[in-house]
Every structure is written in structure tokens, then in C-alpha cells.
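A quick write-up on the structure given underneath.
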Amino acid sequence: MHFVWFWTFWHWSKEGFRRGSLLRKPLHGIGSHWDEWFSHEASASDLQAIEEAGKTESTQRKFIAWMIRCWARENDWPTPDMVSRFVLGQLASVPPFDKWQALESYRTSYGLTGISAIVLEAESAGNAADVRPVQALLLPADGASEIVPDGFQAGSNELETVRCAARSLLRGKGLLIFLALWAVGGHRPYSRRLRLGLGLAWLAVIGSILFLVLGPEPGEWLIPWSATMLALWSGLVLLAVTVAAWQGVRAWRQGISWSRLLERSQVRMRMPGGLTLQGESAGLPFCLNTLLALGRAPRSTRPSWLWQRVIHGLRSEAETWAATGVVTAAGYLKPVVLEAKLRACLNHPGIQDVLTPHQRDGGQPAVERIADAIASTAGLDAPITPFVSGTRFGFAAEKRALRNHACRHVAASLMAFGKLADKWQVGASIVALITSMIMVMALPDLRSILRPHPAPVAVEPGSPSPYDLWVSLDTDHPEYFSAVLESSYWSNRRAEVRRYGGVIPSVRAEIHLHRLVGRAAANDENGTIWIERRRRFLNREYLPGERVGRYSIAYLTHIGRE
């Protein structure tokens, strides 16, 4: 009840906008509306209550706490915390709040952290002051959704491009690039034990492949060994695909939710200095701070693990990060002038990481080269004090440790903030991909081992030559069968079943007949042809398997002729 006067002002502001006497909405025009109400409309009791609220810093802080905890939430704003910060910042510059000590911090800041932008003043060679903190608030839209500069001036086209890039990261091509980068080499939401178990499982699959290709004849163990290997590999692939798909769907759903919030919101981008930006090199920090503002909004559903990692990184380490880069509407980064900006980051004591576009004169070597130049210059400028006659001591400046993250797309910067990049995962993904390619190549062989193809039947055509025996079979998988001639008159032979074209196309095994010495011609039809299964795995063939067919020479030589 101590702050009824503010509810009186707020009701007057809303009614004035509804009648048309006030041109701006109550929230976005709150500073000018308050000035008019306080100067012309406030009653004597209201003025007295306002004076009582501002008497001491303690009563002032009570008003601030009431604004944050009660007023903003009772108005049912989508982002009550950011709305209250914006309102306090607007009121801090108008009477009588401009004299309140408790509002001093709100006059220059929203009280939030953000990724700093590197904006050089004219003729600047790279000073610490060129690293400028940026803060972003999310407010209900005052008309169309847009990004509104606060404390600086920028082209509307540049800010609209930033908004489009942010939207692409939430539900467009940028999100697909982010998910692809994570799928290839991103940290997984696995416990340490599970990661170890999965690694051992992949090693078991690789060991099984090597055993089947290079090891001893497996014999009766071939089927259980092959079944275990296939089941283990299938489970690993299914787990990897399921986790990637589930995280991708959740990230997409969270992105859609934030994209809808962005469409009905206004982003207030604050950067001190009163600069007029020339060029679009601040696009990258503006885009990242827009995402950070969306991440500060209350969540109605369970958050995505991927977005949670990114937003946590943005919120916890934003003060130590700076960024520069021209952003396209699709989220790609264009080159900028880097040397002076890297020097500014090295001169700034609080910056530990910098995001830059991927370009020739960038990267960590450029940072080390500039850091060496700064250290050598500092060493030359340092005074040398004589200590003892003939002896002098100098003090070398320590080189700053600044990490440069070169990115081709804004999605790569999200990987850096979320600490999602994992070199071990990249190696594991490559090994898993190669192993899976080998397994895919071996699937037909494994299928023939675990679930053999139906036994073929001998069909025509027969051989037109008396010196050759054709064993034609009705099968679509000739590579998994062979024909074996066993005879006391003809030399025993084994022949692969192949697919032949030419004048007489067929699937057949061709056995060249060779009579044994000392055998009478009357026994030329003596012999049996067996159809055997071939057991194969990649380029290795094991001992013959089950015999699934038996035919006499007489039957095969007369087939199709009677």
C-alpha cells in the first residue's frame, strides 16, 4: 500500500493511451509519461507519498524491490524481470528519481551481463576502451518486432539482419548447422561411466571385425560371434541416432518457442558511448546478446539440454568474452579488420576469449603475434634502474593469454560458449563412422550367415559342350553358393556360382570335366554334384557350410533336353 501512487500513475498512463491523448504505449513511453503526470497530474497526497518513498536509500530500495517482485509480475509481462529493469532505467533519469541514490546503477546499465562488442573509435589503434559492454532486454513489442538501439545509433537494416540471423539460429538453416556441428563433434549428455562403456563397446565391435577378417577359422562359433557383433553394433548406432534425434527435436521445439517470443517482442540493445556505428562489424555480438535475452525469459516447458548449455555459458562467462564480425541474415560471418580489435582485447584486462570471423589474418597465431608486439613494446618503454655499478635489471612484460575462436557461422560460436566442442568425440565419431561403413558393407555377408538364403534348384540351361558341366540355379544370390563335383570317373572339382551374360545368360557354376586315367568311358555319368553354402565375411571365405542340394551328372546333362 506504500506505492499506490505508482498504480495511480500507471492507470492514468493506460487510460491516456487508450483515449489517444498519449501517443506511445504505457511501457515504452513510461519516462515521458511519468514526467507529464508528475508535473501536472499528480495530487498533493501522491507527491507527498513519492517524497516519503525517496527520503532514504533504504526506502528507495524498498520501491525497487516492489517494482521487481510485485509490479512487473502482476502485470503479467512475458519477461517481468527485464521489464522491471527497463522501467527502472527509464525512471532513473526523470525527476524525482534522478536524485535517488539507489537508482544510480540503473542510469548507465540494465544490470545484466552481455558479450562485449569491439567498436573502434576513429583513428584508434586498439585501446581497452574500444571493447564496449553490450546488454539486451526483451520487452513486449511496440508495434512491429525490432531491435532498438539504446545509447548508440545504428542502421535499421543492420539490426534487422541481426534479428533474421537470430531467427535462423532458432528455427532455420542456422539451427541445422548448429545441430550438424554438435552431431559431428559435440559433447554428449552422457555420464562418465556411460561414455567409457560406449567406448569399450565400439572397441569390441572393431575387435570382432578384425577377428573375423584376420583371425583363425571360427568354425561353429561363426554364427554366435556374428550375431553378437551385429547386435552390439546395431545397439550402438540406435543409441547414437536416438540421442541425436531426441536432442535435435528438443532444440528445435525450444527454438520455435523462442522464435515466437522474438516475433512478438522488442529487443532493447544497450551500448554506452553515444557512438554512431559505421559498418556492421558489431552484428555478431548483437546476435549473441539477442539469444542471451531470449534465454533469460521464463521457460514454460522443460528446456533443451543443448540450449541450456549454450545459455548457461553465455550467462556465466559473458563478461570475459568479446566478439566482432559482420553477420548475414543466414548467420554466416564476413571478414572484418582484425588487428586493432585484437590489440584492444589484449589491452583490456577482463577479456579472456574473443570471437572473430574465420579469415587469413585471424586465428590464434595473429593473437600471439600481436601479444608479442605489445610485450616487446612494454619492455622497451619500461625504465631501467641501475642497482650496482656495472649491473642493471629489466622487467619483461608478461604476454596476455587471449583465446581466439575463429568461426564461419554464428552456430560455431554457440559451440564455443556451450563448451560443446569435444576433440575426443570428433575422434570417436570418425572411428564410429568408419566402423559403420565397414559393417554396412558386410551386412549382406552377415545376413547370409545368420539367415541363409533359400536353397536353390537346378534349372536349365545345360552345357552345350560335352567337356563342360553347367549347374544352373534359380537364385538371386549366386555369390553365396558353390557346386562340388564328387566322382570316381571325373576329377573332383569345386566351382563358384556366378551370373553369366552373353548368348546364354544364366546363374550357373561351370565345371570343366577331366577324366581320371584308366577309367572306362562307360562310366562317364558316374558322379554327384553337391550345392554348398559359402560362408563369407568381407574379403574372407571360411570353410564350406551346409550342403543344400544333390544332383547326378545324368540329370544335369539332360536337363532342358527332354
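Each reported figure results from applying straightforward, stated rules to the coordinates on display, with no laboratory input. Computed from a predicted structure; not experimentally measured. We place every Cβ from the backbone using ideal geometry, glycine too, and count neighbours over all the protein chains shown.
Ranked by the mean number of other Cβ atoms within 10 Å of their residues, highest first, the peptides 117-129, 262-274 fall in the order 262-274, 117-129. Remark: ASP142, ASP130 ranked as ASP142, ASP130, counting other beta-carbon atoms within 10 Å and listing the fewest first. For the stretch 245-299, evaluate the Debye formula with one uniform point scatterer on each Cα (no solvent term) and list log10 I(q)/I(0) at q = 0.16, 0.23, 0.32 Å⁻¹, rounded to two decimals. The Cα Debye sum returns log10 ratios of -0.62, -0.98, -1.30.
Once you have the Cα-Cα distance between GLU146 and ILE64, take 0.36 nm times their residue separation minus that, and quote the gain in nm to one decimal. Before the final figure, lay out the partial values.
Numbers: separation 82, 0.36 × 82 = 29.52 nm, distance 2.79 nm.
This chain segment gains 26.7 nm when fully extended.
Here the stretch 430-467 and the stretch 87-132 have alpha carbon centers that stand 72 Å from each other. Here, the chain is characterised by an Rg to Rh ratio of 1.26, where Rg is the alpha-carbon radius of gyration and Rh the Kirkwood radius. Summing charges over all other residues whose Cβ lies under 15 Å from the Cβ of MET269, with Lys and Arg as +1 and Asp and Glu as -1, gives 0. If the segment from ARG299 to ARG540 were pulled out straight at 0.36 nm per residue, it would be longer than the present Cα-Cα gap by 81.1 nm.
Can you give the % of DSSP beta bridges in the chain that are antiparallel, to the nearest 5?
So the antiparallel bridges amount to about 70 percent of the total.
Evaluated at q = 0.16, 0.17, 0.21 Å⁻¹, a Debye calculation over the C-alpha positions of the stretch 4-107 (equal weights, vacuum) places log10 I(q)/I(0) at -0.68, -0.78, -1.23. The mean sequence distance of close C-alpha pairs (under 8 Å, at least 6 residues apart), as a share of the length of the stretch 468-558, puts its relative contact order at 30 percent.
Quick one, what does Rg over Rh come out to for the stretch 468-558 if you take C-alpha atoms and the Kirkwood Rh?
Numbers: Rg = 13.8 Å, Rh = 13.9 Å.
My calculation puts Rg/Rh at 0.99.
Taking chymotrypsin sites (Phe, Trp or Tyr not before Pro) as exposed when DSSP calls them loop and at most 12 other C-beta atoms lie within 10 angstrom, the chain has its longest site-free stretch at 1-394. Taking a point 7 Å from the Cα of GLN352 along the Cα-to-Cβ direction, the residues of the stretch 412-436 with backbone N closer than 18 Å to it are 414-421.
Work out the FRET efficiency for ALA180 and ARG18 from their Cβ-Cβ distance, taking R0 = 60 Å, and round it to the nearest 0.05.
Working: r = 49 Å, r/R0 = 0.82.
Result of the calculation: an efficiency of 0.75.
What FRET efficiency comes out for the pair VAL426/LEU239, r = Cβ-Cβ distance, R0 = 25 Å, nearest 0.05? Given R0 = 25 Å and the Cβ-Cβ separation, E is 0.85.
Annotation for SER45 and THR328: the two label points, set 7 Å from Cα along the Cα-Cβ direction, are 6.4 nm apart.
Provide the FRET efficiency to the nearest 0.05 for the ARG408-GLU496 pair, computing r from the beta carbons and using R0 = 56 Å.
On the way: r = 52 Å, r/R0 = 0.92.
It comes to 0.60.
Here the mean projected area of the convex hull built on the C-alpha positions of the stretch 401-492 is 13.6 nm².
With an 8 Å cut-off on Cα pairs and a minimum separation of 6 or more residues, tell me the relative contact order of the chain in percent. Averaging sequence separation for qualifying contacts and normalising by length gives 14 percent for the chain.
What is the distance in Å between the Cα centres of the stretch 237-270 and the stretch 344-360? Here the answer is 28 Å between Cα centres. Extension gain, GLU479-VAL548: 0.36 nm per intervening residue step, less the Cα-Cα distance, totals 23.4 nm. In terms of other Cβ atoms within 10 Å, LEU516, LEU176, LEU214, LEU137 run from fewest to most in the order LEU214, LEU516, LEU176, LEU137. Computed over neighbours whose Cβ is under 13 Å from that of GLN425, the net charge equals +3, Lys and Arg +1, Asp and Glu -1.
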